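**Student:** This is the structure, below, for whatever I ask next.
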Amino acid sequence: MTTRLSFIILLLAFYSTNGNAQDYDFGKVSKAEIEQAVHAKEPEANAAILYREVKTKFNQSADKGFYTETDVFERIKIYNKDGFDYATKRIRLYQGKSNNSDDVQGLKAIIFTLEKGKIEKEKLKNSDVFEEKMSEYIEVMKFTMPNVKPGDVIDIKYTIRSSFISNIDEFQLQEKIPVDTYNMSFSAPEYFVYKMHQKGFLPFKVIRSSKNRKMRYSYNESSGTGSNSNWSVKSGKTIQDEISFKENVYSINETGIPSIKNEPLSGNLDNYIAGLKLELSYTSFPNGGVDYYATTWDDVCKTIYQSSNFGGELEKTGFLKNEMAAILGDAVSREEKIVAVFEFVKKKTAWNENYGVYAREGIKETFKKSVGNAGDINLLLVAMLREAGVNANPILISTVNHGIAVFPTLDGFNYVICGVEEQNNVILLDATGDNAPDILDRNLLNWQGRLIRKDGSSSWVPLIPSTPAVRNSILMYEIDTDQVVTGKMQKRFTGHFAANFRESYKNLTSDETRKQLEEYLGDSELNEVEIKYLDDVYKPVQYRSDFENTSSVEEIGDKLYLSPLLFLATEENIFKADTRELPIYFGYPQKGVTMVTIALPEGYKVESLPESISLTLGDDKGSYKFIISEITGKIQLSVDNSINQHIFLNSDYKNLKQFYELIVKKENEKIVLSKV
């Protein structure tokens with residue numbers, strides 16, 4: 001009786017569990033899914049992945065050898081107009097030589113909508129599918145579902161066939177929208193041994209198992225004549241056979257995956273999204289040896305340098321022999337030679353906005369045609385500096401939007417710059433833009449790069465500046481009898497602050513410049529704006545102007561109230577949440593220094609001033625000083641704000657939040673003036 005009762009309970013539990021689980025079949029969408037107005041767990045979500053299934057297995061053919069086939073099925077829910085972007089799908093494809101390129105097969109997509117209580121559907125047309133070339137090695141297949149409306153549900157299904165078995169795309173669990181159900185499996189023959197690398201802050205379980213499998217195996221029979229190095233091979237017929245092997249399976253089955261939140265100063269969210277990377281460690285075939293693929297960064301760099309499109313290009317400098325004298329001009333010292341060559345390459349070439357480690361056109365063609373990708377331009381810079389006698393070497397970089405590689409791989413880098421080694425330092429040069437030495441575009445400030453020398457040795461070099469970008473401000477103003485503030489303002493920017501200012505204002509007219517500057521100054525109006533060194537990247541940018549403000553002084557009775565920093569005060573703390581999951585990314589060390597001088601209005605005296613304070617973030621991570629005093633009829637204020645590192649751990653969040661809360665409070669405290 002007890003055994004029978006236990007069986008009934010288990011049976012009921014089985015049906016109960018499976019009754020709550022939803023089966024997802026392509027093209028079969030329920031009315032309830034379309035009618036769902038908001039996401040159950042994240043009602044603020046604009047869209048959601050209701051179901052994602054990714055299954056990868058190996059197949060084989062005589063012409064391609066072993067390759068992977070990845071079947072993808074997604075069901076996407078659109079809640080509102082802000083979620084329409086998720087009706088566009090981008091499929092990233094690697095492009096190799098001949099038949100080694102990824103290809104998509106069996107693409108199907110249907111959009112489901114509710115019309116007068118009835119489910120209507122519309123299929124994706126072939127004419128709506130496009131291909132975009134992102135770089136010489138990456139292509140994106142892109143399509144947008146037609147006639148998208150809030151409430152719609154989209155089913156997408158396709159298969160990717162890839163020969164890049166050593167470069168398996170990341171299995172990404174998490175998105176910027178919630179994922180209700182995620183099922184993934186990766187099945188590899190026992191001949192291919194992979195290492196697992198989990199990333200992100202969200203924990204998930206990878207289940208490992210194995211099973212037996214049979215596969216049709218085909219190869220081209222070959223015959224030959226001769227011996228030793230004179231062997232000649234003739235193609236024969238294709239032989240087919242069946243092989244049996246053990247298949248190792250990695251699988252993930254997760255539900256209720258929360259969206260990753262874009263917290264203030266998060267940097268690249270892709271670095272923190274939960275995902276699984278599989279690294280091919282080695283292969284071991286029957287009757288064959290073991291071939292190791294897992295490698296070190298030194299090995300990766302040697303392989304890249306030995307490429308004809310990388311190190312090979314740096315040897316093709318014969319065309320420069322008759323050019324260098326004119327390019328160097330009167331340059332004698334090493335510093336003068338670096339500037340002369342750097343400025344020549346920047347002006348001579350135009351970046352085609354393609355990333356890339358390798359030269360696509362070649363440095364000679366780039367010199368001749370004046371256009372190329374990042375590899376073409378910066379390898380040309382390295383070659384020319386070497387011709388000038390400067391110890392220049394390429395530095396491999398993974399851009400911020402490319403992420404940080406979790407293990408050594410040839411695909412870990414997607415950009416190259418030039419580095420000049422000097423004692424205890426490396427000067428960083430990127431000729432694709434118009435920045436000064438050591439000032440890299442923000443998308444290149446991704447922790448560290450790998451410098452490769454002629455002898456094949458390599459080492460990591462920091463990409464983050466060691467000296468802070470500085471913003472200096474001077475305000476001198478007075479208050480007239482109508483409580484109107486008039487005065488003069490000067491600003492000076494160095495480092496990345498200067499680069500950012502140049503990027504924002506270099507192509508504007510004087511009137512456009514004035515209006516854009518006024519957008520950051522509240523109710524103030526600027527006059528006589530003068531900007532210096534906007535086009536000289538080797539000097540700090542400076543600007544000065546007169547200003548007038550009619551809203552900063554408040555009169556209550558016989559007293560005047562004003563915040564001494566006026567429009568330069570920090571009005572809001574960007575860190576509002578009580579907790580933080582992600583690191584805080586400032587990009588680079590930075591410092592702000594502001595000096596204020598206020599002439600007291602006639603007939604008024606100082607009744608009270610904000611108190612001076614000094615704050616520090618632990619371990620010299622940052623500091624803030626607010627020093628104010630009255631001296632001979634004038635109020636003088638000095639504010640010094642420093643952030644000494646480019647990134648903070650989320651464990652620092654509580655201190656950072658409090659740090660900025662105190663800054664906002666202090667900078668918005670009032671000076672009180674009373675009539676004499």
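**Student:** Filtering segment 586-610 down to residues that are of a type outside the set (S, T, N, Q), open to solvent by 40 Å² or more (accessible area, probe 1.4 Å) and modelled with pLDDT of 95 or more, which residue is nearest to Phe648 (Cα to Cα)?
**Tutor:** Checked segment 586-610; the qualifying residue nearest to Phe648 (Cα to Cα) is Lys591.
**Student:** Given Ile160, Ile91, which one is surrounded by 18 or more Cβ atoms within 10 Å (Cβ to Cβ), closer than 30 Å to Gly362 by Cα and hydrophobic (A, V, I, L, M, F, W, C)?
**Tutor:** After applying the criteria, what remains is Ile91.
**Student:** In addition: Only one of Gly375, Gly389 is under 21 Å from Cys301 (Cβ atoms) and not acidic (Asp, Glu); which?
**Tutor:** Of the residues listed, the single one that is under 21 Å from Cys301 (Cβ atoms) and not acidic (Asp, Glu) is Gly375.
**Student:** Is it the case that Leu521 is without any contact (Cβ under 8 Å) to a residue 24 or more places away in the chain and open to solvent by less than 90 Å² (accessible area, probe 1.4 Å)?
**Tutor:** No.
**Student:** So, Val529, is that one open to solvent by 40 Å² or more (accessible area, probe 1.4 Å) and closer than 30 Å to Glu555 by Cβ or not?
**Tutor:** So Val529 fits the description; yes.
**Student:** Another one. For segment 450-463, how many residues meet the condition of being open to solvent by less than 30 Å² (accessible area, probe 1.4 Å) and at pLDDT 95 or above?
**Tutor:** Matching residues across segment 450-463 total 6.
**Student:** Just to confirm my filter: which helices (runs of 4 or more DSSP H) fall fully inside segment 264-378 and include at least 1 residues that are among the small types (Gly, Ala, Ser) and open to solvent by less than 40 Å² (accessible area, probe 1.4 Å)?
**Tutor:** 311-314, 334-348
**Student:** Okay, moving on. What's the number of the condition Val484 fails, among (1) out of contact with any Phe, Trp or Tyr (no Cβ under 7 Å at 6 or more places or on another chain); (2) open to solvent by less than 20 Å² (accessible area, probe 1.4 Å)?
**Tutor:** Among (1) out of contact with any Phe, Trp or Tyr (no Cβ under 7 Å at 6 or more places or on another chain); (2) open to solvent by less than 20 Å² (accessible area, probe 1.4 Å), the lone unmet condition for Val484 is (2).
**Student:** Which members of segment 427-449 meet the condition of being surrounded by 19 or more Cβ atoms within 10 Å (Cβ to Cβ), part of a strand (DSSP E or B) and over 18 Å from the mean Cα position of the chain (by Cα)?
**Tutor:** Leu428, Leu429
**Student:** OK, next. Which ranges mark the strands (runs of 3 or more DSSP E) fully within segment 27-134 that have 1 or more residues being acidic (Asp, Glu)?
**Tutor:** 47-61, 65-78, 103-115, 118-123, 129-133
**Student:** Something else about it: For segment 630-676, which positions are β-branched (Val, Ile, Thr) and open to solvent by 40 Å² or more (accessible area, probe 1.4 Å)?
**Tutor:** Ile631, Thr632, Ile647, Val676
**Student:** Is it fair to say Asn391 is in contact with a strand residue (DSSP E or B) (Cβ under 6 Å, 6 or more places away or on another chain), at negative phi and open to solvent by 10 Å² or more (accessible area, probe 1.4 Å)?
**Tutor:** When the stated conditions are applied, Asn391 passes them.
The values are calculated or read from the model by the stated rules, or taken from the named source; none is laboratory data. Just so it is clear, the model here is predicted, and its values are computed rather than measured. Virtual Cβ from ideal backbone geometry, glycine too; neighbours counted across all protein chains shown. In case anyone asks, the SASA skips ligands and DNA or RNA and just uses the protein heavy atoms, side chains included. Shrake-Rupley method; radii C 1.70, N 1.55, O 1.52, S 1.80 Å.
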